[in-house]
Amino acid sequence: KTLKEALQVEINEVESSLKDYIKQSRGLKKYLTKEQKSEMITLLAKKDGVNDKVKDLKSELEAGKITNKDYGYAIRSLNAQSKKISNSMSAIKQEALKAESNRQAEQVKEQIKVAGLDGEVKQMTSEEIAEADLGKEVNSKDASNQYGFIRDFGDGSFEIILNKDKPAVGVAAHEFLHAVLNKTIKGDPKVGKQLADALSKHVDTLEGDQSAFKQRMKNYEGSEDIGEETITVMSESILNGDLKFDDGFFTKVGDVIRRFLQGNGLTDIQFNTGKDVYNFIKDYNKSIKSGKTNKAIIKVAKEGAKGKLVEGAEASTGPSVKASRDAKIPIDKLGQVDSDGMSMTEPGMG
């Protein structure tokens, strides 16, 4: 019994480390398979073992049991082991991210098809994007550093390009949401700001950590599209785990009823309050995650939404490009961990 309890304590500690590690990896837990989770736990245990050996070596050095030379040789060996483990963890995370980002890209393709929109989704490597002729609105080399972007051709058609070398959860949904909102906001910055201001005022009344989301929004400071981007970035942040609000029981019941009515075409989406905008984001994300189309959202994409917050929208003309200016960790940073085995979270480009 004593041995069993001791083993359980060790298991709990390792699983706790896994939860912390994955939390730093922006909601990756949702997208790991059982096999990947099991392998990650094993790797974390090995990582802990290496860290313990480092502590033991330091103690032996301080006690004069080993020389600085011996210490240096041993540390280099342990660092090599640690790097190998980190690379294995990075490979698992990359595989999981690619699988989920590909799944969401397929979901968006299906949504475009069902809605009958004149749009397409392309997945290209950074090199392919850099060498592509993307028109005068897009600098191909700059675009190759982005996670994804949408080209609105100004005639109702659009093209979403996703960077295969920078897979990230929620990017495809982020870019498609621009297309869904096109008929509502019509490229009018004032309307976008009205929606964003009302949304921000509402979510500030909810329980949830918005620090990562607000940090992300700093990438859009000075952009005339910051209002629209507030909506699309919040959608993406909820999808990738950066942002989570604690909705109560009755709110969740209301969500089910509202989605049932919308899904069956019995009610339309209206933007009269910040809560309406927030509910729209939740419902849109639900349709992306589930793969089930929402008739009310399709109607918004095809005809636009009504409501006090979008009255008087003045349509802009001409093509435009909106990119996902992200602060996510690039794939080549995913395997880098600090001495405590936690993921590094230095902002990346995008």
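Where in the range 225-309 are there helices (runs of 4 or more DSSP H), lying wholly inside it, with at least 1 residues that are under 22 Å from GLY187 (Cβ atoms) and touching a Pro at 6+ places or on another chain (Cβ under 8 Å)?
Per the criteria, 226-240.
For a quick check of your reading of the model, give me the residue pairs whose first member lies in the range 32-57 and is without any contact (Cβ under 8 Å) to a residue 60 or more places away in the chain, whose second is open to solvent by 30 Å² or more (accessible area, probe 1.4 Å) and among the hydroxyl-bearing types (Ser, Thr, Tyr), with beta-carbon atoms closer than 7 Å and at least 6 apart or on different chains.
LEU43/SER88; LEU57/TYR71
Filter the range 294-337 for residues that are modelled with pLDDT of 85 or more and open to solvent by 40 Å² or more (accessible area, probe 1.4 Å); which is nearest to GLU175 (Cα to Cα)?
Going through the qualifying residues, I end up with LYS302.
Scan the range 171-179 and tell me whether some residue there is assigned to a helix (DSSP H, G or I) and surrounded by fewer than 22 Cβ atoms within 10 Å (Cβ to Cβ).
No, that holds for no residue.
Mind listing just one residue for me: the one in the range 110-131 that is in contact with a strand residue (DSSP E or B) (Cβ under 7 Å, 6 or more places away or on another chain) and open to solvent by less than 70 Å² (accessible area, probe 1.4 Å) and, of those, nearest to LYS292 (Cα to Cα)?
Looking at residues that are in contact with a strand residue (DSSP E or B) (Cβ under 7 Å, 6 or more places away or on another chain) and open to solvent by less than 70 Å² (accessible area, probe 1.4 Å), I get ILE112.
It is to be established whether one or more residues within the range 135-152 are in a strand (DSSP E or B), farther than 30 Å from LEU32 by Cβ and touching a residue at least 12 places away in the same chain (Cβ under 8 Å).
yes
The values are calculated or read from the model by the stated rules, or taken from the named source; none is laboratory data. Every value quoted in this text rests on a predicted model; they were computed, and no experiment measured them. Neighbour counts are summed over all protein chains in view; Cβ atoms, including those assigned to glycine, are modelled from backbone coordinates with ideal geometry. Side chains are part of the model used for accessible areas, which takes the heavy atoms of the whole protein and leaves out ligands, DNA and RNA. Shrake-Rupley method; radii C 1.70, N 1.55, O 1.52, S 1.80 Å.
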